[in-house]
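Worksheet for the structure shown next.
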Amino acid sequence: MGRAPSPFATKIPYEKKDLKIVGTNPTARGDAVDKVTGRARYASDISLPGQLIGRVLRSPHARANILSIDTSAAEALAGVKAVVTRDDFPDMAIEHAASGELMVNFRDVTRNMMARENVLYDGHPVAAVAATSDAIAKQALKLIKVEYEVLPHVIDVRDAMKPDAPILHEDQFTKGVEPKPTTPSNVAARMESKLGDIEKGFAEAEIIIEREFNTKPVHQGYIEPQASIANYTEGGLAEVWTGTQGHFVFRAQIAKLLEMDLSKVKVIPTELGGGFGGKNNVYLEPLAVMLSKKGKRPVKMVMDRDEVFRATGPTSGTNVKVKMGCTRDGRITAAQAELNYQSGAYAGSSLPLATITVFTRYDLENVSVVGHDVTTNRPKVAAYRAPGAPMVAFGVETVIDEMARECGIDCIDFRLLNAAKEGTQTHFGPKLGPIGYIQTLERAKVHAHMSEKLGPNQGRGVATGFWFTLGAETSATVNVGEDGTATLIFGTVDVTGGSRSAFAMIVAEELGIPYEKVRTMSGDTSALGFNFMTAGSRGTAAGSMAAVTATRKAIARMCEIAARKWEVEPDQVVWEDGKARPAGANVGDFAPMSVAELAKEAAWFGGTIAGHAEINVAQGGPGFGTHIVDVEVDRRTGAVKVLRYTLIQDAGKAVYPEFIEGQFQGGAVQGIGTALNEEYIYNDKGLLENAGFLDYRIPVASDVPFINTEIVEVPNPDHPYGIRGIGEVPIIPPLPAIANAIHDAIGIRMRDHPMSPPKVLKALKDQMIEDAAAQGTAAE
Amino acid sequence: MAKQYVTTIVNGDNVEVLCDPTQTLLDVLRDEMDMTGTKEGCGTGDCGACSVTLDGVLVCSCLVLGIEANGKKVETIEGMAQGEELHPLQRKFIDHVALQCGICTPGLLIASKALLEENPDPTEEEIRYWLAGNLCRCTGYHKIIEAVQDAAAEMRGN
Ligand code: FES
Ligand code: FES
């Protein structure tokens, strides 16, 4: 996941104990009242005195060289205070860094933020202006003259891999191939993951199934468009308020791109209106800072929805080939995949993640995965909830379904026969620790959903998913006030509004004070040490490790206060049930002291009570889930309706169960949207045709049923509360589960995403023609 | 273009504002009146984040001009709670965890309130179709539907 695991990473062994607060549903969520009353402040809600409004001029071409940019007329317009182009930003050398679950290369980041030599997709920024009003800023954009030399473009991943394809980067030679190629290619990298002997595996197989799948890019579809407001002061300091999943990473990227010291940039994360991986990348922030520097006033920038679609990262469009073999009694002997992933205009898709997650739900001896990362004339891809995984699951889980049917084995039993478990060797390296995959399958098997009767044109499908839990740098501070209440300052981003409550529950549990006595708040980049992006399902899992570590330091300080008061050694004091107590009868007869009592005495006994943590949390605690879906296919329109949906997932420990259910449901519905409707549609000029919510149709309330959820709890052994990341797994299984259900309903295997009405209708027509032809042949 | 003088009643308060004739009601609320509770998700009438009522009628404020509010009553999320007392829908949204990131929430609450004023006892299907113009990307709608059902029951006195 981005970078190698550190040997110095923190693990805290799971502590089995009775919990009073963790695992309940708090009545008061820290963020909720502000959100239901309109008081919560998102980035676009913030305004600064004297602010200018910034706007971006974007490429109207899929690919073109920029011959010249003339901004003089825009600059001359009354009310325009600053214009920036490529000339205002330093070029960057090739340098890679982790940014969420994907890696970025600064040479490309600066080009994606503001085009330099060329534009590589419809919507690519070419200039930005700041003016005293939005209307003037928009007018100024029209006055900027850009001379383009339009070049041939390529959109589809398969086309981009052809030898005669237009090449996006003349200096890009495929990495991971020996000997180093001599001609440039859109294939930026080739990667592999292997286990055992694939030839031997296929030789042992009695049934071999090989299929090809294609998926279109889909967008994260957060409802809040990107927004930032920057203030560059005369002293060379920059403050940036922005909606981000990782303010520390954004600070690092802003500083790098603008050649500023880290200490001179402060990023304040605002309430976030949805991210799902899409707010792991800087787009507006460096532009706003530069415009503020030139315009000498604060600059606010908010994207329009069509800019969000055209220029912020969707997922990869993919082409996936899966070949698997098994014995007649249902044992998988070989699993092979070729993954071709679009990265958009610049290299670096979710391919590395996809490559290692392809088959990780199964205990396999012989695996071979080859992947290609392919540049095309689309916006640079970004992470989207389990980046890269739904597309490979589409292939693998539908092939599994076919194999199970071929063997005459129930599809859940087939998966149980091959299920990954503790000790399973993954094809990418580590052995799995204790996991809950089998439990989710067993619960699915006996679920009431499985015995619901199906009518004509209705079908049932099952599929499963797996995702990691990222660790990485995490910091937190706990301050115990003089009144015995506590404040946790966290540095991860509470992307959905659940983790700040989960943290409060955990701190309250540790301290032995009521949940209501703990306040949790996000700290800006000047308040804490570096925190990695909130990505890879790490928000609550890793953030709570820092919270526990910080709280335990505050507890140690409280034990020290008690020891000083009692005139004993600190190790003669223990913390139990929310009180400092003498460690044994021989220590002395002292009345236990509560947090509030200790807080009152703190000043005299050495100073205030606080604890802080700066740790690198170990990656671990992978999550697994099983989904069951019933659909009905309308044979006249090709429309697929989801009738029933059940999701069972291992959460390790559900800190705030109702919130986890909500995240499960949201992920499943995003997956349903991916499966049935969502796709990027480009015309033959390479321009995006559906850059709005009317034509890029995400699920609405009337499209979906209730989503039944069940939480399995197999504790993560490396977390004191057993927590696993839960945010990403739910989006993986819906695509294949629905494909399997459609097959069950109408006998057709859908292998091209999305399974939208026109595609299903066409498949139904083809089936009719085939049937008629078969009958004709039979009649002859 | 010359600005126009507009008087409206927002959440019961008389408000006078100068607005550009091309400005949407959404922009007038957010930029001229500093009422940022109403959100913008699309600006094209497709997401419902900007839902308000105009003389009691549910509208997307991004599709209404500010000057159209002249002489009319506007109700926004800021007017939903009565002082400290949350509206039953607001309470039930919290109880049922019907919000995550919360960017859709003001619009959904305004739309749900308009629904219950018209139909105090809606079926699940009626709620789903009424709210079909309000996008939520986080929750999958499950808990929103439950919250509306529960609030409706409470408001009916059940
Ligand atoms: S902002 Fe008005 S409907 Fe989306
Ligand atoms: S709660 Fe995030 S969009 Fe609805």
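Suppose the chain between A:TRP604 and A:GLU452 were pulled fully straight at 0.36 nm per residue; how much longer would it get relative to their current alpha carbon spacing?
Fully extending the segment from A:TRP604 to A:GLU452 adds 47.9 nm.
Using only Cα atoms, locate the centre of the range A:346-414 and the centre of the range A:209-242, then give the distance between them in Å, rounded to an integer.
Spelled out, the Cα-based centre of one part sits 25 Å from the other.
Sort A:ASP752, A:ASP589 so that the residue with the fewest other Cβ atoms within 10 Å of its own Cβ comes first and the one with the most comes last.
Lowest to highest Cβ neighbour count: A:ASP589, A:ASP752.
Taking every pair of alpha-carbon atoms in the protein assembly as shown, give the share separated by more than 54 Å as a whole percent.
14
Filter chain A for me: DSSP H helices, axial length by Cα at least 24 angstrom, mean Kyte-Doolittle hydropathy not below -0.5. List them by residue number.
A:389-407, A:538-566, A:657-676, A:757-779
As an exercise, use a Förster radius of 35 Å and the Cβ-Cβ distance of B:THR44 and A:ALA639 to find the FRET efficiency, rounded to the nearest 0.05.
0.90
Across the range B:88-156, what fraction of all alpha-carbon pairs, as a whole percent, falls in each successive 10 Å bin from zero upward?
24, 63, 13
Would you mind estimating how fast the range A:502-567 diffuses translationally, via Stokes-Einstein at 20 °C and 1.002 mPa s with the Kirkwood radius over Cα pairs, in µm²/s?
159
Between A:ARG211 and A:LYS180, 0.36 nm times their residue separation minus their Cα-Cα distance comes to what?
My answer for the length gained is 8.1 nm.
Mean projection of the alpha-carbon convex hull of the range A:454-571 over all orientations, in nm²?
11.7
Kindly list the residues of the range A:38-76 that lie in the label zone of A:GLU234, defined by a backbone N under 19 Å from the point 7 Å along the Cα-to-C-beta vector.
Those under the cut-off are A:49-52.
Among A:MET113, A:MET191, A:MET290, A:MET391, which comes first, then next, by fewest other beta-carbon atoms within 10 Å?
Ascending Cβ contact count within 10 Å gives the list A:MET191, A:MET113, A:MET290, A:MET391.
As a test of the formula, what do you get for chain A when each DSSP H run with n ≥ 4 contributes -39,500 (n - 2.57) and the sum is divided by the residue count, at 222 nm and rounded to the nearest 500 deg cm²/dmol?
For chain A, the value works out to -8500 deg cm²/dmol.
Roughly what percent of Cα-Cα pairs across the range A:491-537 reach past 12 Å?
Summing the P(r) of the range A:491-537 above 12 Å gives 64 percent of all pairs.
Would you mind pulling out the separation of the Cα centroids of the range A:658-718 and the range B:1-66, in Å?
Rounded to whole Å, the Cα centres lie 30 Å apart.
Under a crude label model (7 Å from the Cα following the beta-carbon direction), how far is A:LYS421 from A:HIS96 in nanometres?
3.7
Among A:363-374, A:275-286, A:36-47, A:445-456, how do they line up by average Cβ neighbours within 10 Å per residue, starting with the highest?
A:275-286, A:363-374, A:36-47, A:445-456
Rounded to the nearest 0.05, what FRET efficiency is calculated for A:THR327 and A:ASP695 with R0 set to 41 Å and r the Cβ-Cβ distance?
0.30
If I take every Cα pair under 8 Å that is 6 or more residues apart in the range B:4-79, average their sequence separation and divide by the length, what percent do I get for the relative contact order?
With pairs under 8 Å counted, the relative contact order is 39 percent.
Can you pull the one-decimal nm distance between simple spin-label points at A:ILE769 and B:GLU16, each 7 Å off the Cα toward Cβ?
7.1
So for B:TYR141, A:TYR148, A:TYR362, fewest C-beta neighbours within 10 Å to most, what's the order?
In increasing order of surrounding Cβ atoms, one gets A:TYR148, A:TYR362, B:TYR141.
How many angstrom lie between the C-alpha centres of the range A:563-640 and the range A:126-169?
51
If R₀ is 51 angstrom, what is the calculated FRET efficiency for the pair B:LYS73 and A:ARG116, using the beta carbon separation as r and rounding to 0.05?
FRET efficiency, B:LYS73 to A:ARG116: 0.45.
If you bin the C-alpha pair distances of the range A:661-780 every 5 Å from 0, what whole percents do you get?
The distribution over the range A:661-780 is 2, 9, 14, 16, 15, 13, 10, 8, 6, 4, 2, 1, 1, 0, 0, given as percents.
If each residue of separation counts as 0.36 nm, what is the full-extension length gain between A:ASN683 and A:ASN65 once their alpha-carbon separation is subtracted?
That works out to 220.5 nm of additional length.
Expressed as a rounded percentage, what relative contact order does the range B:88-156 have, with Cα pairs under 8 Å and six or more residues apart?
Computed over the range B:88-156, the figure is 53 percent.
Take every Cα pair under 8 Å in chain A that's 6+ residues apart, average their separations, divide by the length, and report that relative contact order as a whole percent.
Value for chain A: 16 percent.
Based on the Kirkwood radius over alpha-carbon pairs, what value in µm²/s does the Stokes-Einstein equation return for the translational diffusion coefficient of the range B:4-79 at 10 °C and 1.306 mPa s?
For the chosen part, D equals 134 µm²/s.
At a temperature of 37 °C and a viscosity of 0.692 mPa s, determine how fast the range A:146-304 diffuses translationally according to Stokes-Einstein, using the Kirkwood radius over alpha-carbon pairs as Rh; express D in µm²/s, rounded to the nearest whole number.
Stokes-Einstein gives a translational diffusion coefficient of 163 µm²/s.
How large is log10 I(q)/I(0) at q = 0.14, 0.17, 0.21, 0.23 Å⁻¹ when the Debye formula is applied to the Cα atoms of the range A:620-659, each weighted equally and without solvent?
Result of the Debye calculation: -0.52, -0.63, -0.75, -0.82.
No lab work stands behind these numbers, since they all come straight from the coordinates. A quick note: this is a predicted structure, and the numbers were derived from the prediction, not measured. Here Cβ is always computed from backbone atoms with ideal geometry, including for glycine, and neighbour counts include all displayed protein chains.
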